[in-house]
Amino acid sequence: MANESTRVSDSARAAGQPEGGRELTGAEIVCACLQREGVDVVFGYPGGAILPTYDALCRSGGIHHVLTRHEQGASHMADGYARSSGRVGVAIATSGPGATNLVTGIATAMMDSSPLVCLTGQVSTTVLGSDAFQEADVLGITMPITKHNVMVTRVEDLAEILHEAFAIARSGRPGPVVVDLPKDVQLARTLYDPDRPLPVVPVKTSMTPLDAEIEAARNLIAEARRPVILAGNGINISGASEQLRRLAEDTGIPVSLTLLGKGAFPEDHPLSLGMMGMHGDAAANLAIQAADLIIALGMRFDDRVTGTLSTYAPKSKKIHVDLDRSEIGKNVAVDVGVVGDLKAVLTRLLVGIAATVDEGWTAQIREWKDHSKTLDVVHQPCDGRLWAARVIRDLCELTDGEAVTVTDVGQHQMFEAQYYTHRRPRTLITSGGLGTMGFGLPAALGAKLAQPHEEVWAIVGDGGFQMTLAELATAVQEQIAVKIAIINNGYLGMVRQWQELFYEERYYATPLANPDFCKIAEAYGVPSVRVSQRRDVAPAVAWCRSVNDGPCLVEFVVESHDVVYPMVPAGAALDEMIRRPARASTMAGVSR
Amino acid sequence: MTPAPNAEMSGSQTSGSQTLIALVENRPGVLNRVTTLLRRRHFDLLTLSMGRSEDPDRSRLTLTVGGGSAGARRVADHLIKLVEVLHVEPLFDQPAVRRDLALIKIRPDAAELPAVNALCSAFRARIVDVSPGSTIVEITGEQSKIERFVALLTPYGLAELARSECVAMCRGASGFGASDHSVGQTTSQTTSQTTSSTSPNPTS
Ligand SMILES: Cc1ncc(C[n+]2csc(CCOP(=O)(O)OP(=O)(O)O)c2C)c(N)n1
Ligand SMILES: [Mg+2]
């Protein structure tokens with residue numbers, strides 16, 4: 001349609017029609033703008049108030065619409081699409097219940113800085129505010145969970161607003177933008193100029209740090225003896241992983257990652273400290289608490305990362321680099337704050353960078369890492385039971401750590417983070433900030449559509465899978481070759497873990513009477529296999545990898561009484577971790 | 001260097017009220033957006049007034065917030081992220097005019113009127129309505145002056161109080177947007193130019 005409209009507008013001009021394009025309906029303008037933004041796929045669910053746009057999508061061709069089974073699926077798919085590719089994901093829903101069903105996905109994207117444009121139908125402007133059929137205050141509802149939202153009330157403004165929405169979603173710190181489209185605006189006609197310059201988002205605050213600020217950071221690094229780098233999602237968003245690797249290698253400073261930072265630095269690198277935080281590697285948490293300098297890059301000192309703030313990294317000076325000024329000093333006081341794009345800042349910082357990392361520090365970190373290994377379940381003799389951690393480690397080895405993994409939320413998510421070694425940015429997609437159960441399957445579908453050449457695994461719990469499992473039908477209808485690993489422990493495992501450790505093992509509202517997941521898969525037309533023995537893991541993974549014409553599913557029936565270690569309990573300092581008991585056979589709740 | 005609001009700081013940095021001025025696009029829903037942000041971030045909003053500015057496309061907000069200068073800086077850093085907020089400036093201790101307008105309805109006895117009149121002239125307040133049994137007094141001034149005045153009028157039967165809350169303007173020619181602390185675009189600049197709290201400012 002972009003081509004067509006360009007062509008027609010050319011001929012319209014030739015025919016003496018006024019400059020500025022030809023007349024289109026609002027719905028047609030929506031399609032033209034999506035195409036101009038390079039959108040190839042949208043995720044959505046139709047209804048009365050958005051039907052004009054659906055009809056225009058049908059007539060325009062060129063944009064592939066994925067029909068989800070719930071609008072939450074649409075917003076998570078758009079999010080997975082955006083996270084895996086860096087492009088803006090687009091979700092469409094009708095007014096009222098359609099729009100409110102998007103909400104969880106929008107909030108999820110907001111917390112993790114993922115660029116979305118959500119188009120919602122709305123009742124006509126003539127009845128706005130009258131409690132019309134399927135009217136909901138979508139602007140009001142989504143205001144606190146969007147980077148920006150806007151209702152289009154005049155068709156003449158539509159193109160500008162839509163392009164602005166894309167620009168806002170992807171500029172600076174990315175985030176979701178909702179555009180509410182009253183039905184009469186979709187039906188109204190106006191001149192559309194396909195060549196009109198695209199709006200740019202004005203830069204309101206300086207993103208170019210002063211030389212003095214960079215110099216101050218460089219000086220702190222030069223003075224440090226026990227430094228650590230803490231890298232987050234900002235590195236991935238900025239595309240700065242190469243600069244991060246050079247910073248580490250040029251200085252010898254070890255790197256720890258946040259959950260969303262995974263992929264920013266190769267985890268098999270000798271300078272990798274592993275993940276930090278509540279279920280982080282002990283070595284990383286111990287290093288942070290003992291460090292004399294924290295170099296925080298594109299991370300936001302989330303409470304899951306810091307533990308109790310008053311005891312966090314007490315011996316260290318802190319450098320914090322982030323694109324978002326409001327993050328600097330928000331949770332943790334810093335000595336040098338630098339506001340700017342990570343890639344640009346690191347490129348400047350690297351010039352003349354030098355550090356003298358204490359040899360004792362490097363040795364100490366090695367010792368911590370080695371000690372962690374001795375406690376690790378995957379380094380202990382196989383006892384015949386299937387541990388979730390082993391499933392993940394096996395999957396990592398069988399896929400050479402090269403798959404794109406998309407997780408749900410819970411124990412399996414933390415096992416993924418601990419046992420799947422990521423080397424490339426955008427290869428772990430997970431809901432970190434909001435912790436949204438039900439995210440995994442739909443986000444994986446979006447990720448696979450965005451990156452069809454990647455091997456995409458959805459790693460989901462038996463609980464969270466059931467929140468959005470209807471999207472299996474979407475996967476089948478669209479023949480999306482995503483591989484689904486259900487880590488079935490028969491419990492809301494992460495909550496069960498808290499009940500075990502902090503609520504005297506009162507397992508209330510956490511045991512799950514589950515359906516037969518393989519029969520469910522079969523009913524949806526998804527081939528599947530169930531695995532409950534370690535020796536069957538590799539053949540099942542190999543089989544799954546051979547299925548390329550659509551989705552497939554492996555149900556891993558794992559130990560139910562399992563605990564994610566280490567764990568920093570609520571209210572504790574980061575180095576006050578509950579460690580895995582020395583031998584697997586003495587693990588809580590398990591007796592031989 | 002970017003300040004660290006949570007660093008160990010003296011009292012005035014983390015407590016006491018501060019004034020901020022913001023210019024926002026004159027569009028429906030902008031005030032809702034600002035207050036939604038202030039509420040959800042649990043900022044300590046003390047007063048907010050919104051009205052027209054010299055530019056019909058822009059509204060001007062004056063906010064007073066608790067939490068000292070660090071609190072004001074945090075509010076500014078978050079407000080400027082709203083697309084429709086064009087410019088924010090915490091005033092800190094810049095010389096500025098801060099004014100609040102109050103209408104005060106009292107019910108003095110006839111015998112009390114001379115005392116009320118005397119109070120009004122001492123405070124440069126005006127009686128703007130005298131009706132049987134009630135009188136409306138108008139006063140403008142700094143918040144503390146109004147509070148003292150209201151306290152002195154209260155014995156005369158305080159019936160109603162309506163306040164505009166603080167509106168503020170910096171003194172001097174350099175004006176809005178010239179300070180080191182301002183973030184965003186100033187009225188006199190086009191969208192391609194920006195000021196920021198990190199750029200050295202020749203005029204201040
Ligand atoms: C939508 C939503 N509801 C509730 C929670 C709280 N919660 C966090 S983890 C978890 C259990 C997840 O169980 P499951 O999906 O089986 O994964 P497991 O922990 O067993 O691996 C729950 C209920 C959440 N994160 N999201
Ligand atoms: Mg479970």
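The values are calculated or read from the model by the stated rules, or taken from the named source; none is laboratory data. Not measured: the values here are computed from a predicted model. Here the Cβ is made from the backbone with ideal geometry for all residues, glycine too, and neighbour counts use every protein chain on show. Note: areas computed on protein heavy atoms with side chains; ligands, DNA, RNA excluded. Shrake-Rupley method; radii C 1.70, N 1.55, O 1.52, S 1.80 Å.
Out of B:Gly184, B:Gly133, B:Gly157, one residue alone is more than 15 Å from the chain's Cα centre (by Cα), small (Gly, Ala, Ser) and in the same structural domain as B:Asp44 (by TED's automatic domain parsing). It is B:Gly184.
Could you tell me whether region A:550-557 includes any residue that is out of contact with any strand residue (DSSP E or B) (no Cβ under 8 Å at 6 or more places or on another chain), more than 12 Å from ligand 2 (Cβ to nearest atom) and not aliphatic (A, V, I, L, M)? Taking every residue of region A:550-557 in turn, at least one turns out to be out of contact with any strand residue (DSSP E or B) (no Cβ under 8 Å at 6 or more places or on another chain), more than 12 Å from ligand 2 (Cβ to nearest atom) and not aliphatic (A, V, I, L, M). Considering region A:468-484, the residues that are surrounded by fewer than 24 Cβ atoms within 10 Å (Cβ to Cβ) and of a type in the set (S, T, N, Q) include one that is nearest to ligand 1 (Cβ to nearest atom), namely A:Gln477. Looking only at residues in region A:375-411 that are within 20 Å of the chain's Cα centre (by Cα) and in a loop (DSSP other than H, G, I, E, B), the one that is nearest to ligand 2 (Cβ to nearest atom) is A:Gly410.
Taking region A:226-315 as the region of interest, the helices (runs of 4 or more DSSP H) fully inside it that hold 1 or more residues being basic (Lys, Arg) and on the phi < 0 side of the Ramachandran plot are A:241-251, A:303-306. Does A:Arg545 count as modelled with pLDDT of 95 or more, among the basic types (Lys, Arg) and within 16 Å of ligand 1 (Cβ to nearest atom)? So A:Arg545 fails the test. Taking (1) under 24 Å from the mean Cα position of the chain (by Cα); (2) away from ligand 2 (no atom under 16 Å from the Cβ); (3) open to solvent by 40 Å² or more (accessible area, probe 1.4 Å) in turn, A:Ser546 satisfies each apart from (1). Of all residues in region A:161-175, those satisfying the criterion of being under 18 Å from the mean Cα position of the chain (by Cα), in contact (Cβ under 8 Å) with a residue 40 or more places away in the chain and either open to solvent by 20 Å² or more (accessible area, probe 1.4 Å) or farther than 16 Å from A:Thr120 by Cβ (or both) are A:Arg170, A:Gly172, A:Arg173, A:Pro174, A:Gly175.
Okay, residues lined up against (1) in a helix (DSSP H, G or I); (2) among the acidic types (Asp, Glu):
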site	(1), (2)
A:Leu34	yes, no
A:Val42	no, no
A:Tyr54	yes, no
A:Arg59	yes, no
A:Arg69	no, no
A:His76	yes, no
A:Asp79	yes, yes
A:Ala91	no, no
A:Val103	yes, no
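Set side by side, the residues A:Asp358, A:Asp302, A:Asp370, A:Asp335 differ, and just one is without any contact (Cβ under 8 Å) to a residue 24 or more places away in the chain and either open to solvent by 20 Å² or more (accessible area, probe 1.4 Å) or away from chain B (no Cβ under 14 Å) (or both), which is A:Asp370.
Being touching a residue at least 60 places away in the same chain (Cβ under 8 Å) and in contact with a Phe, Trp or Tyr (Cβ under 6 Å, 6 or more places away or on another chain): is that true of A:Val41 here? In short, no.
Just to be sure before I move on: is A:Val476 in a helix (DSSP H, G or I) and within 13 Å of ligand 2 (Cβ to nearest atom) in the structure I sent? The answer is no for A:Val476. Looking at A:Ala458, A:Ala485, just one residue is within 16 Å of ligand 2 (Cβ to nearest atom), part of a strand (DSSP E or B), in contact (Cβ under 8 Å) with a residue 60 or more places away in the chain and not charged (D, E, K, R), and that residue is A:Ala485.
Just so you know, in region A:485-499 the residues that are more than 14 Å from A:Asp516 (Cα to Cα) and within 6 Å of ligand 1 (Cβ to nearest atom) include one that is surrounded by the fewest Cβ atoms within 10 Å (Cβ to Cβ), and it is A:Val495.
Candidates A:Leu350, A:Leu386: the one that is aliphatic (A, V, I, L, M) and within 30 Å of A:Val554 (Cα to Cα) is A:Leu386. Check whether at least one residue in region B:87-102 is within 13 Å of chain A (Cβ to nearest Cβ) and over 30 Å from B:Glu138 (Cβ atoms), and report yes or no. Among the residues of region B:87-102, at least one is within 13 Å of chain A (Cβ to nearest Cβ) and over 30 Å from B:Glu138 (Cβ atoms), which makes the answer yes.
Residue by residue, here is whether (1) over 19 Å from A:Pro115 (Cα atoms); (2) open to solvent by less than 10 Å² (accessible area, probe 1.4 Å) holds:
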{"residue": "A:Leu34", "(1), (2)": "no, yes"}
{"residue": "A:Val39", "(1), (2)": "no, no"}
{"residue": "A:Leu57", "(1), (2)": "yes, no"}
{"residue": "A:His65", "(1), (2)": "no, no"}
{"residue": "A:Thr68", "(1), (2)": "yes, yes"}
{"residue": "A:Glu71", "(1), (2)": "no, no"}
{"residue": "A:Ala74", "(1), (2)": "no, yes"}
{"residue": "A:Ala78", "(1), (2)": "no, yes"}
{"residue": "A:Arg83", "(1), (2)": "no, no"}
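Looking across region B:119-135, the residues that are more than 11 Å from B:Tyr156 (Cα to Cα) and either open to solvent by 60 Å² or more (accessible area, probe 1.4 Å) or part of a strand (DSSP E or B) (or both) come down to B:Ser121, B:Ala122, B:Arg124, B:Arg126, B:Ile127, B:Val128, B:Asp129, B:Val130, B:Ser131, B:Pro132. Counting only residues that are open to solvent by 50 Å² or more (accessible area, probe 1.4 Å) and more than 16 Å from ligand 2 (Cβ to nearest atom), region A:509-524 holds 4 of them.
Conditions (1) open to solvent by 10 Å² or more (accessible area, probe 1.4 Å); (2) touching a residue at least 24 places away in the same chain (Cβ under 8 Å); (3) within 21 Å of A:Ile29 (Cβ to Cβ), marked per residue:
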residue: A:Ala93; (1), (2), (3): no, yes, yes
residue: A:Ala107; (1), (2), (3): yes, yes, no
residue: A:Met111; (1), (2), (3): yes, yes, no
residue: A:Ser124; (1), (2), (3): yes, yes, yes
residue: A:Ala136; (1), (2), (3): yes, yes, no
residue: A:Thr142; (1), (2), (3): no, yes, no
residue: A:Ala159; (1), (2), (3): yes, yes, yes
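For residues that are away from ligand 1 (no atom under 16 Å from the Cβ) and not aliphatic (A, V, I, L, M), tally how many sit in region A:424-460. The total comes to 11.
When A:Arg535, A:Arg530, A:Arg506 are checked against the criterion of being without any contact (Cβ under 8 Å) to a residue 40 or more places away in the chain, part of a strand (DSSP E or B) and open to solvent by 70 Å² or more (accessible area, probe 1.4 Å), A:Arg530 stands alone in meeting it. Flag set for A:Leu198, criterion: closer than 28 Å to A:Ser75 by Cα and at pLDDT below 95.
Looking across region A:182-225, the residues that are in a helix (DSSP H, G or I), open to solvent by less than 40 Å² (accessible area, probe 1.4 Å) and either hydroxyl-bearing (Ser, Thr, Tyr) or assigned by TED's automatic domain parsing to the domain that holds A:Ser124 (or both) come down to A:Val185, A:Gln186.
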